[in-house]
Amino acid sequence: MGEKIVFENGKWIVPNNPIILFAEGDGIGPEISLSARAVVDAAVKAAYNGSRMIEWSMILIGEKARAESGSGIPKESMEKLMQHKVLLKGPLTTEVGGGGRSLNVTIRMALDLYANIRPVKYIKGIESPIKNPESVDMVIFRENTDDIYKGIEWKSDSPEAKEIRSFLLDKFGVVVSEDSGIGIKPISKAKTVRIAKAALNYAINNSRRSVTIMHKGNIMKYTEGAFREWAYEVARSEQYRMHTVLESELADGAVPKGKILVNDRIADNMMQQIITKPDMYDVILAPNLNGDYISDEAGALIGNIGVLGSANVGDAGGMFEASHGSVPKYAGKNIANPMGMIKAAELLLTFMGWNEAAELIKGAVEKAVIEKKVTSDIARYTGSKPLGTKEFTAELIRSIDGSA
Ligand code: NAD
C-alpha cells in the first residue's frame, strides 16, 4: 500500500512507496505519459532495487473525462488531487476563443502551484537553429497563478463587458470601444515576492550566475513594471543582500565572486537577446504570460519544445508536465517525442530527492541522442532513421537497465 507525500514548510517528505497521481492527457498525452511512467519505473527499480517504488494512481482529466462525466475535471479527480497533491500529467487540449477555462490553469490555481520551473539546457547531438547551442543553460521561473493568464475576461457583447465599459467611462472618463472584449491583468505584490524568492533560492542553492527579471514595465507600468520593482525589492532585502549584486551596482561590469547578478530586461528585447546572446541568460524570472512565451522560444534554441519538461510547484504540491501541448495531429501515431514528458518526470524525481533515479534517466536520454536513437522531430535533422515513441522508450529502458 502506497503512502502520501507530505509537505512541511515547503519541504517534501517522501516515503519509500509514495502515491503519485497520473493523468494521461489528451492528443499525444497517453503515448508520452505512459512512456515517461515506464522510464521512471525502470529508473527507480535500477537505482533502488525494490527498496523504493512509486504507486501510480490514475485520475481522469481532460477530453475523456468530459466525454464520460461532462466535466474536464470530475469531482472525484479534484478530490484526489487535493488529497495527494502530486501529479504527473500529459498535455491537455484547450479550446481557443471559447470553451471553459484551461484545465491546466484550474489545477495550478487549485493547488496554488505558483512556480512554473522550466530548465532549458542543450542536449549534445540535437540540431539547433543557433550557432552555439552549448551555451544555452537557462532555468525559467514563470509565475503561475497571476496575470492576464488567470482568465478573468469577458466577451465583447457580454453584459459584464458592457458594465465594465460603462463603469470605466462614468468613473474615470476612459473610453473603451463598444466592440471590445475585456481582460483583466492583476499582478500582486505577494505573488511576485514568492516567485522572486523561489527564483533567488534556486539560484543560490544551485550556484547560478544571474537572475534576469523579464517584464514589459515600460508600457504596463503598474503590473509588469511593479513586478520588476517588487522583484528588485526582494533581491535587495536583508534575506538576499549578501548573495546578490544588481547590475546598477557594478562599477566595471565584473560580478564579484560568489554573487548572483540581478538585472532586468524589457520583454521584447529579451526575446531577441536569448537568441543572439544566450550565454548572457541564466535564471529568468517572468510573470505568467511572458514566461509562457519565452519558454517555447527557449525550447526552440535547443531543438524544439518537444524536449522541455516543466515543474509546477507550490509550498504543498506539484504537477509535472511537458512544456508543450497535446499535438493532436500526431495523436495515436507512435510519432511523438516523449522526451519533454520524461524530462518532467526527471524533475519530479529531483523534487522527491530521488536523485539517483533522475540521473539514470538523464544519462539514458543523453546517450540515446548521441547515438542518434531518437524520434522523427530530432532524427529529421540528424539524418538518422527515426524511432517511434514506443521504440525510443524501449531504448531508454534498455539503457537504464544496462547502466544499473
Ligand atoms: P503544441 O505544443 O501541442 O504543438 C506545437 C508543435 O510543436 C507541434 O505541431 C509539433 O510540431 C511540435 N511538438 C510539440 N511537442 C512535440 C512532441 N512531443 N513531439 C513532436 N513534436 C512536438 O502546441 P499547440 O499546437 O499550440 O497546442 C495544441 C493544444 O495543446 C492546444 O489545445 C493547447 O491549448 C494545448 N496546450 C496544452 C499545454 C499543457 O497541457 N500544459 C501546453 C501548451 C498547449
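Restricting attention to the stretch 197-224, the residues that are more than 21 Å from G253 (Cα to Cα) and outside any loop (DSSP other than H, G, I, E, B) total 8. Give the residue that is farthest from the ligand (Cβ to nearest atom), with candidates limited to residues of the stretch 58-87 that are out of contact with any Ser or Thr (no Cβ under 7 Å at 6 or more places or on another chain) and of a type in the set (A, V, I, L, M, F, W, C). Applying the filter and picking the extreme gives M82. Would you confirm whether any residue within the stretch 91-102 is of a type in the set (D, E) and not in a loop (DSSP other than H, G, I, E, B)? No; the residues of the stretch 91-102 include none that is of a type in the set (D, E) and not in a loop (DSSP other than H, G, I, E, B). Considered as a group, the residues in the stretch 279-313 that are more than 16 Å from the ligand (Cβ to nearest atom), open to solvent by less than 10 Å² (accessible area, probe 1.4 Å) and not in a strand (DSSP E or B) include one that is nearest to I342 (Cα to Cα), and that residue is D282. Within the stretch 73-92, the set of residues being buried (at least 20 other Cβ atoms within 10 Å of the Cβ) and under 21 Å from the mean Cα position of the chain (by Cα) comprises I73, L81, K85, V86, L87, L88, K89, G90, P91, L92. Could you list, in sequence order, all residues of the stretch 103-138 that are more than 18 Å from I59 (Cβ to Cβ) and either outside any loop (DSSP other than H, G, I, E, B) or near the ligand (Cβ under 10 Å from one of its atoms) (or both)? Of everything in the stretch 103-138, those that are more than 18 Å from I59 (Cβ to Cβ) and either outside any loop (DSSP other than H, G, I, E, B) or near the ligand (Cβ under 10 Å from one of its atoms) (or both) turn out to be A115, N116, I117, R118, P119, V120, K121, P133, E134, S135, D137, M138. Kindly evaluate N334 against the criterion of being out of contact with any Pro (no Cβ under 7 Å at 6 or more places or on another chain), in a loop (DSSP other than H, G, I, E, B) and open to solvent by 40 Å² or more (accessible area, probe 1.4 Å). Yes; evaluated as a whole, the condition is true for this residue.
Have a look at A394, A364, A379 and point out the one that is in a helix (DSSP H, G or I), farther than 17 Å from A43 by Cβ and of a type in the set (A, V, I, L, M).
Exactly one residue qualifies, and that residue is A379.
Determine whether the stretch 151-165 contains at least one residue that is among the small types (G, A, S), open to solvent by 50 Å² or more (accessible area, probe 1.4 Å) and without any contact (Cβ under 8 Å) to a residue 24 or more places away in the chain. Checked the stretch 151-165: no residue is among the small types (G, A, S), open to solvent by 50 Å² or more (accessible area, probe 1.4 Å) and without any contact (Cβ under 8 Å) to a residue 24 or more places away in the chain.
The values are calculated or read from the model by the stated rules, or taken from the named source; none is laboratory data. What you see is a predicted model; the values in this text were computed from it and never measured. Reconstructed Cβ throughout: ideal geometry from the backbone, glycine too, with neighbour counts over all protein chains shown. Only protein heavy atoms, including side chains, enter the accessible area calculation; ligands, DNA and RNA are left aside. Shrake-Rupley method; radii C 1.70, N 1.55, O 1.52, S 1.80 Å.
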